[in-house]
Every structure is written in structure tokens, then in C-alpha cells.
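K.L.:
I'd like to ask you about the structure that follows.
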Amino acid sequence: MKHYWLSLFSVVLMATSTIAQRYEKLSPFDMVRWQGETPQVKISDTWYESIKINGIAVAEILFHAKKEHGRKWDKRFCEDIVQLLTEMGHKPSRLVDLSLKDLRTGKTVEKHAVPMTEEKRRIVLLARPRATAPAQEKSSLAVKRIKRKHTASEPAKYADLILTYKNSIKTRRLTSSMIAEDLDQLEYLIENEFSYARLRGIDYKKMLDAIRFAGRNGASLADFHIQLRKLIGKFGDGHARARGVFALLPRRCTPFGFVDVGKNVVALDSNNRLIDSDFPYVAAIAGRPISDWLEKAAANTAQGSRQFNRLNALRTLSFIDYVAQGMGLECAKSITFVFRNKKGEESKKEITLVSRPTFPRLVLSKQTQKLKGNLGYIRLANMRSKKSFLDALDLAMQSFKETRGLIIDVRNNGGGSRMALRTLLPYFLDPKASPKVCNVARYRLPQGILAGRPEGYLANRFLYPLLSTRWNKNEREAIIRFAKSFRPAWQVNPQEFSTWHYMLIDAKSNPRAFHYKSPVVVLINEGCFSATDIFVAAFKGQKGVTIMGTATGGGSGRSLETQLAWSKIRVRLSSMASFQPLGQLYDGQGIQPDVRAAPHLDDWLGRSDSVLEKALR
């Protein structure tokens with residue numbers, strides 16, 4: 001056992017370390033082009049859709065490229081495939097195996113020992129189209145924008161949206177024409193590419209016009225950025241945001257952060273220590289009850305599920321000057337807090353403000369290990385796709401094969417790859433059972449994209465339409481049975497979206513998996529989001545599995561990023577409407593636990609882990 005944990009530690013260490021190195025500049029392709037986000041490659045004189053490289057799904061490679069290289073993900077695939085595969089733990093030789101789909105016949109073709117050469121890579125490099133970035137001081141005609149007659153603004157109705165803030169970071173000033181053109185670009189994205197544009201019936205056109213009117217004489221980049229953050233947050237999309245806004249907010253912050261403990265709010269410093277152990281609960285700030293402050297903080301942040309809103313409100317409240325100005329108050333260099341104890345006694349303190357916010361995190365000290373009583377414990381702090389990370393999960397499951405029970409702890413896991421789900425879930429599925437549908441989604445079709453692509457649009461989320469060649473007969477029959485009873489809680493406009501896409505997993509999805517039959521508890525909280533929502537929903541309802549904790553945040557939209565031409569603000573908007581197997585959306589809902597268990601104050605202080613203790617019992 002000692003050798004096992006040493007080897008597991010080594011695997012994890014390898015997964016988290018980065019080593020600066022040079023990568024060979026090679027390519028197996030004679031040319032690369034793109035159909036949406038799907039790479040089509042030329043081998044000799046024939047064009048194919050690229051499916052796998054050395055057995056690694058291209059969808060996984062592209063997911064890794066986006067996660068690690070951001071906006072250069074497509075460039076990395078075209079020019080640096082050796083680097084991507086090496087980063088994923090699959091360093092290739094100069095001969096690779098390719099799985100391809102012939103675009104003329106639709107048949108899958110296997111090509112073995114295809115040479116990778118520098119000359120092929122050079123041709124791919126020269127042939128790749130270059131995107132032209134908009135000029136700094138003149139408009140770019142290539143940027144798509146909405147053109148319409150703008151309505152009269154209603155400044156009183158949208159006063160909170162267009163508020164100008166004092167003490168925010170000083171930034172350059174945008175002219176009224178810059179603001180107008182960026183708003184037209186954003187409106188085009190919302191109208192034509194945003195999957196959740198109509199989810200909550202937001203009258204975004206009037207809101208955009210209100211921001212336009214507020215900027216009729218120009219505005220600072222900081223104010224414009226904050227206005228877009230508020231607007232985008234109202235759609236109910238947990239992933240949607242104007243990125244980088246926190247760096248621009250007024251910089252007078254509390255030297256502590258805020259967390260819920262039961263029905264009370266507690267203030268903790270950066271070391272998770274109480275401000276006053278005799279009076280732990282926050283009762284009021286500047287003469288206003290804490291509930292008023294949190295209500296305003298929630299209104300100024302991204303909207304989603306109740307628990308998602310609450311978590312964001314607690315975090316945003318640390319930017320006390322930002323929230324105060326939204327309430328019509330002004331923060332000096334300090335602010336008065338009233339703290340309360342269980343008896344109702346109060347203590348008043350003058351708190352000096354600082355320039356950086358504090359965000360407390362629940363203390364979760366245990367790592368993957370075997371616990372007393374012959375119980376297994378897997379700590380999943382994130383959802384990675386690297387082979388070494390996934391191998392460590394398989395190693396852990398092998399060591400827990402004879403345990404009396406298993407705890408999978410995904411608390412505070414903000415998401416990432418779906419590969420952890422594809423690795424772990426097969427251990428808990430009956431080998432004789434039909435494949436399990438874990439996620440259902442429809443892709444928001446941008447203008448000019450055809451609706452009937454056979455392999456769909458969501459391969460990097462392992463989602464494919466019914467008619468995809470990926471499915472075998474058994475899988476297709478499972479989808480048909482599922483679809484007969486599936487009732488989505490939100491009806492999308494079929495003219496704007498693709499057909500349904502499905503994610504399936506069965507016991508064979510992971511060849512290493514065995515059937516684990518002992519009881520399983522999955523620990524969750526509101527810090528679980530995105531791919532972790534998908535993970536939890538797939539386990540929920542599974543025989544022998546209990547979901548314990550507090551509801552997850554709720555978010556699954558495959559967000560895509562666009563930079564606005566003049567302000568350079570990077571906007572993220574979701575591109576798919578994503579549903580749980582029972583029909584609810586992830587966004588605005590989250591996953592409810594089977595057994596509710598919220599952390600106690602001692603848990604936040606690092607003295608205990610009552611939720612884990614309850615799971616063990």
C-alpha cells in the first residue's frame with residue numbers, strides 16, 4: 001500500500017508540474033481548414049474530418065487547447081499538434097495513427113503510421129487564414145453589428161445599470177461612437193449567437209440603449225465595463241460575463257470575506273479566522289442590516305440559481321465601496337460594522353478598508369486515501385483532462401475495490417473537463433444495463449451555420465445528435481427510448497437551435513472499470529459548477545449513490561469568448577442550452593442533494609468537517 005500511495009503521489013505531481021521545453025514543429029496534415037469548430041484535414045488529395053490522433057479524440061485535444069491556450073486554440077491545433085499531445089501526456093513519434101471521416105462518403109477511415117514532417121507543418125502554417133484584428137483608432141468593417149433604430153432611454157428605470165462609480169481603477173476614455181459600435185456588436189452576439197438570450201425575457205435592447213444614452217458624451221472604460229457586467233449578468237447564464245471586471249471595481253474593500261453559517265453571515269479574514277470570536281455574526285454595516293447589503297450585492301452580479309446568486313453576493317460584498325455606491329452611500333477609508341453573538345448582544349467596530357478583497361474558502365484538508373473502517377475517499381478539487389490525472393483516478397478506484405463504501409468529494413470544484421465523469425461513472429454502472437444519458441443539449445446556430453450537420457456541433461462536450469455515426473445500434477436505441485419520455489423545462493425556438501445532442505456513458509466507456517457495488521456518497525456544495533454540475537447530475541439517481549451537501553451552483557452553456565472592437569472587453573456568452581437528464585436546465589437550477597448537510601462554523605475555521613463526518617456515518 002505504501003508503494004501505491006508513493007506512485008499515486010508521483011502521478012499527481014507529474015500532472016501538476018510544468019516543464020519548459022521545446023516541441024518539434026511537425027504536422028501529419030497536408031492542409032487544415034475549419035467547419036465551425038470542427039477541423040477538416042487534407043491527406044494527399046482527400047479532405048477528411050479529423051476524429052482521432054493516436055487514439056485521442058480530437059474533441060479532447062481541442063478542449064485541452066482552449067483551456068491551456070485560450071484564443072490561440074485553433075492556431076495550436078493547426079501548427080503545434082506535437083505540443084498539444086505532449087502536454088496531454090501523449091508525446092507522439094514522427095509516425096501517427098489517424099482516424100478520419102471521408103467527407104465525400106461519410107465513412108470512417110483508419111490511416112496508420114502517417115509521417116509528421118516539418119514541410120507539412122510549414123504548408124499548413126502558410127495556408128492558415130489570418131484573422132484581422134480591428135484597428136485601435138478606426139472601425140473594423142469585419143465586425144458584425146446590429147443596425148436598428150434605438151429607443152428613447154429610460155434613465156430612471158435603469159439608474160442602477162448606468163451608475164458611474166467613484167474610486168474605480170483609472171482607465172482610458174471611450175468616445176460615444178466607440179461605445180455605440182461596441183454595443184451594436186454585443187447586441188449582434190446576443191441576438192444571433194447567445195443560447196440563453198431569451199431564457200428570462202430580458203429587454204436587453206432597452207438596456208443597451210440606456211447604456212448608449214449614458215455614454216452619449218463618452219465614458220471611462222471602467223464604467224462601461226461594469227455596465228456590461230451588470231447587463232450580461234441578468235440573463236441567467238452562469239458562464240456569461242464581461243471578463244476582467246473585478247480588477248476595475250472601486251478598490252476600497254473589507255479586510256475579510258463573508259460566508260453563510262446557518263441563517264447567519266460570518267466574517268473571516270484571509271486565514272479563515274473570525275474578526276471577533278465573541279461576536280462572530282455580521283448584523284449591520286453603516287447602519288443598514290446585512291440583508292440589505294447582500295440584496296444589493298446580488299443585484300449587481302451574475303444571476304443564476306438561488307445558491308449561485310447567494311455565493312456571488314457574498315463574494316461581491318467584500319468590494320464594499322462598490323456595493324455601497326449602488327445603495328447611494330459613500331465609503332470613506334473606514335466603515336462601521338455591527339457584530340452579534342448567539343445571545344443577541346452586539347459589538348460595534350470601525351473597520352479600516354483595504355485595496356484587495358478577501359474570499360474565504362472552506363477548509364478541505366483531506367486528499368484521496370483509504371479512511372478508517374475500510375472506506376475509500378476520492379477528493380476531486382478540479383476536473384482535468386490530462387492522462388496522468390485520469391490514471392490517478394483509475395489507480396485510486398483499483399485500491400478501493402474491496403472497500404465497504406466510497407466517498408467522492410467534489411465540493412468547491414468549479415469544473416473543467418468531462419473526462420473525470422467518463423472515467424469514474426463506468427465503475428458504478430451495471431455492465432448489463434443500457435447506456436446512460438448524462439446530458440442533453442441544443443446548439444445555438446449562428447447566422448450562416450447549417451442546421452443539419454450529421455456529427456453535430458458539440459463534440460468537445462461529448463454531445464452528438466441521434467444520427468451521428470459515433471453511435472452504435474445499442475446506443476442509438478438508448479437515445480430513442482430516452483427521447484420518448486424526455487420533457488425539457490424550457491422550450492427553445494427550433495429555428496434558432498440545432499437538433500438535440502446527447503452525452504452517453506456506459507460501463508464500457510472506461511475499459512479499466514469494474515462494477516463497484518458498495519454504497520457511494522457524493523459530497524457537493526454551491527461551489528460546484530459547470531462540468532461538476534454535469535458530473536453530479538450523472539450520479540444522481542444512480543442505484544447505491546447518495547448526493548449529500550448543499551445544492552450545486554448550476555451552469556452548463558459551453559461559453560465562447562468574443563472581444564469587442566473598441567473597448568477590447570472580452571465577453572463570454574453561452575452557445576448551447578444544456579439540460580439535466582430529468583429535463584431541468586442546469587443554469588438557474590443546479591443539482592439538489594438527496595441529503596442536505598451544510599457546513600458549521602467550526603468547519604470554516606478548520607476545526608472539523610461535519611459534512612464529511614455525516615457521510616462517513
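Every number in this text was worked out from the coordinates using simple rules, so none of it is lab data. Please read all numbers here as calculations on a predicted model, not as lab measurements. A quick note on method: Cβ atoms are made from the backbone with ideal geometry, for glycine too, and the neighbour counts reach across all protein chains shown.
K.L.:
So if I take the centroid of the Cα atoms in region 395-411 and the same for region 451-466, what is the distance between those two points in Å?
P.N.:
33 Å
K.L.:
Still on this model: Indicate the gyration tensor shape class of region 369-598 (rounded, prolate or oblate), computed on the Cα atoms with a ≥ b ≥ c the square roots of the eigenvalues: a/c under 1.5 is rounded; otherwise a/b larger than b/c is prolate and the rest oblate.
P.N.:
Cα axes put region 369-598 in the prolate bin.
K.L.:
About its Cα centre, what dipole magnitude does region 369-598 give when the only charges are +1 on Lys and Arg Cβ and -1 on Asp and Glu Cβ, stated in debye to the nearest 20?
P.N.:
Magnitude of the dipole: close to 320 debye.
K.L.:
Would you list SER168, SER468 from fewest to most Cβ contacts within 10 Å?
P.N.:
Listing SER168, SER468 from fewest to most nearby Cβ atoms yields SER468, SER168.
K.L.:
A further question follows. For every helix of n ≥ 4 consecutive DSSP H residues, a contribution of -39,500 (n - 2.57) applies; sum these over the chain, divide by its total residues, and give [θ] at 222 nm rounded to the nearest 500 deg cm²/dmol. The partial results should precede the final answer.
P.N.:
On the way: 17 runs with 173 residues, N = 617.
One gets -8500 deg cm²/dmol as the mean residue ellipticity at 222 nm.
K.L.:
Any chance you could run the full-extension gain for THR171 through ALA598? It's 0.36 nm times the residue separation minus the Cα-Cα distance, nm to one decimal.
P.N.:
So the chain would gain 149.6 nm between THR171 and ALA598.
K.L.:
Mind ranking 336-348, 483-495 by how tightly packed they are, going by the mean number of other C-beta atoms within 10 angstrom, highest first?
P.N.:
336-348, 483-495
K.L.:
Based only on other Cβ atoms within 10 Å, what is the fewest-to-most ordering of LYS75, LYS473?
P.N.:
Numbers: LYS75 15, LYS473 7.
The most exposed by this proxy come first: LYS473, LYS75.
K.L.:
Ranked highest first by the average count of other Cβ atoms within 10 Å around their residues, in what order do 420-433, 292-305 fall?
P.N.:
Put in order of decreasing packing, that is 292-305, 420-433.
K.L.:
Now a separate question. Between ARG200 and LEU467, how high is the FRET efficiency from 1/(1 + (r/R0)^6) when r is the Cβ-Cβ distance and R₀ = 45 Å? Nearest 0.05. Walk me through the numbers on the way to the answer.
P.N.:
Details: r = 32 Å, r/R0 = 0.72.
After rounding, the FRET efficiency stands at 0.90.
K.L.:
Put a dot 7 Å past each Cα toward the Cβ at GLU119 and GLN35; how far apart are the dots in nm?
P.N.:
2.9 nm
K.L.:
Something else about it: Run the reach check for LYS149 against aspartates and glutamates, Cα to Cα strictly under 19 Å, same-chain hits fewer than 8 apart removed. What comes back?
P.N.:
GLU181, ASP182, ASP184, GLU187, GLU191, ASP203, ASP209
K.L.:
Right, another one. Treating cross-link reach as a plain straight distance, find the lysines whose alpha-carbon is under 18 Å from the alpha-carbon of LYS72, omitting any fewer than eight places away in the same chain.
P.N.:
Result set, ordered by chain and number: LYS25, LYS568.
K.L.:
Compute the length gained on full extension between LYS517 and ASN341: take 0.36 nm times their separation in residues and subtract their Cα-Cα distance, giving the result in nm to one decimal. Working shown, then result.
P.N.:
On the way: separation 176, 0.36 × 176 = 63.36 nm, distance 4.64 nm.
Extra length available between LYS517 and ASN341 comes to 58.7 nm.
K.L.:
Let me ask you something else. Name the residue from TRP34, THR301, GLY544 whose Cα lies farthest towards the positive end of the charge dipole of the chain, charges +1 on Cβ of Lys and Arg and -1 on Cβ of Asp and Glu.
P.N.:
Checking the options against the dipole of the chain, the answer is TRP34.
K.L.:
Additional query: Give the cross-link partners of LYS120 among the aspartates and glutamates, using a straight C-alpha distance below 14 Å as the criterion and excluding same-chain residues fewer than 8 apart.
P.N.:
GLU24, ASP30, ASP45, GLU79, ASP80
K.L.:
Going by amide H atoms built from the backbone, whose H comes under 5 Å of the H on VAL521, apart from near neighbours?
P.N.:
LEU406, ILE407, ILE408, THR546
K.L.:
As a quick test, which of the pairs LYS401/LYS508; LYS436/LYS508; LYS370/LYS401; LYS111/LYS436 have an alpha carbon distance above 22 angstrom in this structure? If you can, show how the numbers build up before the last one.
P.N.:
Numbers: LYS401/LYS508 17 Å; LYS436/LYS508 11 Å; LYS370/LYS401 11 Å; LYS111/LYS436 31 Å.
From the list (LYS401/LYS508; LYS436/LYS508; LYS370/LYS401; LYS111/LYS436), the Cα-Cα distance tops 22 Å for LYS111/LYS436.
K.L.:
Sort the following peptides by mean Cβ neighbour count (other Cβ atoms within 10 Å, averaged over residues), highest first: 545-554, 393-402.
P.N.:
Working: 545-554: 23.9, 393-402: 17.4.
Packing order, densest peptide first, comes out as 545-554, 393-402.
K.L.:
Still on this structure, please answer the following. Where the centroid of each part is defined by its Cα atoms, how far is region 503-581 from region 583-617 in Å?
P.N.:
16 Å
K.L.:
Using alpha-carbon pairs under 8 Å, 6+ residues apart, how would you state the relative contact order of region 369-598 in percent?
P.N.:
24 percent
K.L.:
Moving on to the next point. Order these by the 10 Å Cβ neighbour count, fewest first: MET503, MET88.
P.N.:
On the way: MET503 23, MET88 19.
Fewest to most other Cβ atoms nearby, the residues stand as MET88, MET503.
K.L.:
A further question on this structure: In terms of modelled amide H atoms, which long-range or inter-chain residues lie less than 5 Å from the amide H of ILE569?
P.N.:
LEU564
K.L.:
Taking the Cβ of LEU103 as the centre, find all other residues whose Cβ is under 14 Å away and add up their charges (Lys, Arg: +1; Asp, Glu: -1).
P.N.:
Working: positive: ARG33, LYS42, LYS101, ARG104, LYS107, ARG453; negative: ASP45, GLU49, ASP102, GLU455.
Local net charge: +2.
K.L.:
Between SER355 and LEU582, 0.36 nm times their residue separation minus their Cα-Cα distance comes to what?
P.N.:
77.2 nm
K.L.:
While we're here: Can you give the net charge of the other residues whose Cβ lies under 9 Å from the Cβ of ALA441, counting K and R as +1 and D and E as -1?
P.N.:
Surrounding charge for ALA441 is +3.
K.L.:
Express in whole angstrom the spacing between the alpha-carbon centres of region 24-57 and region 301-379.
P.N.:
So the separation of the two Cα centres works out to 48 Å.
K.L.:
In units of 2.2 N^0.38 Å, what is the alpha-carbon radius of gyration of region 23-127?
P.N.:
0.96
K.L.:
What do you get when you divide the Cα radius of gyration of the chain by 2.2 N^0.38 Å, with N the number of residues? Let's see the in-between values first.
P.N.:
Values: Rg = 25.8 Å, N = 617, 2.2 N^0.38 = 25.3 Å.
With N residues counted in the chain, Rg over 2.2 N^0.38 Å equals 1.02.
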